[in-house]
Each structure stands twice: as structure tokens, then as C-alpha cells.
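Since every read-out is calculated from the coordinates, none of them should be taken as a lab result. Every value quoted in this text rests on a predicted model; they were computed, and no experiment measured them. As a convention, Cβ positions derive from the backbone with ideal geometry for all residues, glycine included, and neighbour counts pool all protein chains shown.
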Amino acid sequence: MKEKSIIILGIESSCDDTSAAIIKDTTILSNVVAGQEIHKQYGGVVPELASRAHQQNIIPVVDAAIKKAGIKTDEIDAVAFTKGPGLLGSLVVGTSFAKAFALAKNIPLIDVNHMYGHVLAHFITNNNIHTPSFPFLCLTISGGHTQIVLVKSHLEMEIIGSTIDDAAGEAFDKTAKLLGFPYPGGPLIDKHAKEGNPFAFEFAKPQIQGYNYSFSGLKTSILYFLQQKMKENPDFVKENLNDICASVQNTIIEILFKKLLKASKELKINQIAIAGGVSANSGVRQKLKEHGEKQNWSTYIPEFQYCTDNAGMIAITGHYMYKLGLFTDQSVSAGARIPFQSR
Ligand code: KG4
Ligand code: ZN
């Protein structure tokens, strides 16, 4: 007899996207994301404004996800939510909603680590039969994190390298700010880089131990470079925007892949995945494909909507935790800085 399907409601509210998803086994039925335009004018996420916007968005977003999935609320077997890491005021909104929902419906509550979510986005099977086999390496690159994760099974992971200062997404966003782009500028750098020469300008690359990363030196190098050039020609940025974007993007990509290559060689793992908001970058996606062919890697890139923060990735993590009976209870609270190994 066929096993009964598991239907899970996923909730994500760790930063500035309010998202809800319905997953039936490993197939996403809906994945609704409400972004927050309000932060653009401030050049970064304002935590207090983010939590207020989550408060306004959470009910309509969950409603839309349930309607879009075409299911009844009573069919939901469990609710999975992002416990952390992230902005506390934002996390509290999703956590409180999930607790109330689980209590009202008398269903299990599953506390998900956001970083596991980014990695497990690879197991969402919609239009995708190509999922990684274990063990694999996942380069998780987002606005808050840059880490190489050794993934041994769905719920057994270890960070083997991470940034000691800025995340890759911050390197994109801070450069974008210097260039006058609104927040978050990563996607705009990507757009302009497509028209530019990646070798037009050179920037400092860090020399750092093991599989770790550093991006703060690059940020300083770009700042000094722009200050110098603008002194010589006040229109420098305007006249060279595409080339600057392409060169910065190329430098970030080179830094990212150097350590990934080293880890793959030393650990003899050729199953390579990328995840997180920066994995939406077209240059990163292209470079992974190129290395894949050269190094004989099997490569995995999540569908675009599952790269940036979304509840689909929280729902799929909830699915695997549900199968192991990894539930929490009403005493759970959000954690801004929870360790990777913990829930
Ligand atoms: O995973 P994510 O949505 O949120 C965090 O958990 O941080 O990642 C957001 C980051 C931002 O820094 C944003 O600029 C970057 O991902 N990002 C991109 C692109 N799309 C999103 N960076 C470069 N190119 C893109 N196409
Ligand atoms: Zn994220």
C-alpha cells in the first residue's frame, strides 16, 4: 500500500521576506514570497521596519499559499518555521504565528535552521529529478553567510569553511552602495556585469587559511580604487559602470571558487551544489557549470525561486524532520544566532 502523503506548511521570516509554502512530500504546491520595498530608501534592512512588515504580511501570505496550493487547512500535517539565524524581531513574527497555528490545529511544530533550509532546497523535486547524492559539498552564499557545507545526509551537515568577516552577498551589496545602487544591489551588479568586461579592473584577493573566506579587504580595495579614479575623473563610475560591475563580480566569483575547488580536491568529492541568494547570480551559475565540465563535477543549482529566502526550503527541511519525528513544542522561541548544528 502507498504511504500516506505528508503535507507541511512552511514559514520563513528571518530577514526582509515574508514567505509561506505548502509542500506535499517533496513537491511544492505553493511558495508565496512578499518582499519589503520599504528598506530600499535606507540602503539596507531596518530591523524594526522589517518586523512590522512581517506582522502585516504574515496572514495574507499564509492565506495565499493555502489557496494557491488548493488544499484545505485541515489537511496540513505539521507547520515548519525558521527558528533562526536571522533578525530577532523578524523571526519572532514567524515563530509566534507557527506556534499559534500548531496549537489551534493541534498539529506538530517543527523548528528549522534557516541554513539547513538553503542546502535542502536541492531536494525540492518539482520539475527536478536531478538531486545531489551524499556526501556532497554545498557552497551556501547569502547576504548573511558564506560557507562550504559538507552534507552527509539530509540532516547531517558540517561547516568546513566560512567567512571570517563579510558574507559574499554583503560584498555585492556594499559595492552596489558605493556605486549608488539601491538595496539590495547584488542583482543590479549582476545585470550590469552582463554588459561589461570582467578583466577590465583588478582588485585585492584575500590570502586566508583552509577553506575560510574573507571579503572585507576586497570592499576596502574597491573603495580606494573608486576614490582614486573619481579624483582623476568625476564621471569615472558613470562611464565605466558595466566594466566595474563585471570586474567586481568576477573577483568575488574567483574568491568563492578557489576554496570550493580546494575542498573538492582534498576531500575527493565531486558532487557540488550552490545555495543561498547569491547563487541566483548568473556569473556564479555559469562558473559552476564551467568548473563542472572541467573538473568532472556533478553540479546542482536550485531553481531561481528557491535560491533567495523562501518558505519552500523551510517546508522541505520540515518534511525530512517530520519523517524522523523531530518536533518541538510551545516552549520554543526564536534564536537570532543559533549555531549551525542546533535547531
Ligand atoms: O539568501 P538571501 O535571500 O538572504 C539571506 O539569507 O541573506 O540572500 C540575499 C543576498 C543579498 O545580498 C542579495 O544582494 C544577494 O543575495 N543576491 C544576489 C543576486 N540575487 C540576490 N547577488 C548577486 N547577484 C544576484 N543575482
Ligand atoms: Zn537566507
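GNM on the chain, C-alpha springs below 10 Å: top fluctuator among Gln55, Gln36, Gln286?
Gln286
For the range 194-226 and the range 107-160, what is the separation of their C-alpha centers, rounded to whole Å?
Cα centres, the range 194-226 to the range 107-160: 27 Å.
Output the 0 to 90 degree angle, nearest 10, between the alpha-carbon long axis of helix 236-267 and the longest principal axis computed from the alpha carbons of the chain.
Once rounded, one gets 60 degrees.
Over the range 136-302, calculate the relative contact order: mean separation of alpha carbon pairs under 8 Å at least 6 apart, over the residue count, as a percent.
Reported as a whole number, the value is 28 percent.
Work the Kirkwood hydrodynamic radius out for the range 216-315: mean of 1/r over every pair of different alpha-carbon atoms, inverted, in Å.
This gives a value of 15.7 Å.
Estimate the FRET efficiency between Gln56 and Lys177 by the formula 1/(1 + (r/R0)^6), using the beta-carbon distance for r and 41 Å for R0, to the nearest 0.05. Mind showing how you got there, number by number?
Details: r = 27 Å, r/R0 = 0.65.
Working from the Cβ atoms, E equals 0.95.
What is the spin-label model distance, in nm, from Ser96 to Lys2 if the labels are put 7 Å beyond Cα along the C-beta direction?
4.1
Between 0 and 90 degrees, rounded to the nearest ten: what's the tilt of helix 282-295 against the longest Cα principal axis of the chain?
The two axes meet at around 90 degrees.
From the C-alpha coordinates alone, can you work out the Kirkwood hydrodynamic radius of the range 268-313, in Å?
11.0
With the contact rule set at Cα under 8 Å and sequence spacing of 6 or more, what percent relative contact order holds for the chain?
25
Give the order of Phe172, Phe327, Phe134 when sorted by the count of other beta carbons within 10 angstrom, beginning with the fewest.
The fewest-first ordering by Cβ neighbours comes to Phe134, Phe327, Phe172.
Mind putting together the pair-distance distribution for the range 136-302? All Cα pairs, 10 Å bins, whole percent per bin, short to long.
Per 10 Å bin, starting at 0, the Cα pair percentages come out as 10, 40, 33, 13, 3, 0.
Using the Kirkwood radius over C-alpha pairs as Rh, can you work out the diffusion coefficient of the range 170-249 via Stokes-Einstein at 20 °C, viscosity 1.002 mPa s, in µm² per second?
Once the numbers are plugged in, D ends up at 166 µm²/s.
Against the longest principal axis of the chain, how steep is helix 47-69, in degrees 0 to 90 to the nearest 10, with axes from Cα atoms?
Helix 47-69 sits at roughly 60 degrees to that axis.
Which FRET efficiency, nearest 0.05, do Leu326 and Ala204 yield, Cβ-Cβ r, R0 56 Å?
Rounded to the nearest 0.05, the efficiency is 0.80.
Given the C-alpha atoms of the range 1-159, compute the convex hull and give its volume per residue in Å³.
132
Rounded to a whole number, what is D in µm²/s for the chain from Stokes-Einstein with the Kirkwood radius over alpha-carbon pairs (4 °C, 1.567 mPa s)?
Reported coefficient: 63 µm²/s.
Within the chain, what percent of beta bridges assigned by DSSP are antiparallel, to the nearest 5? Please report the intermediate quantities before stating the final value.
Details: 26 of 43 bridges.
Just about 60 percent of them are antiparallel.
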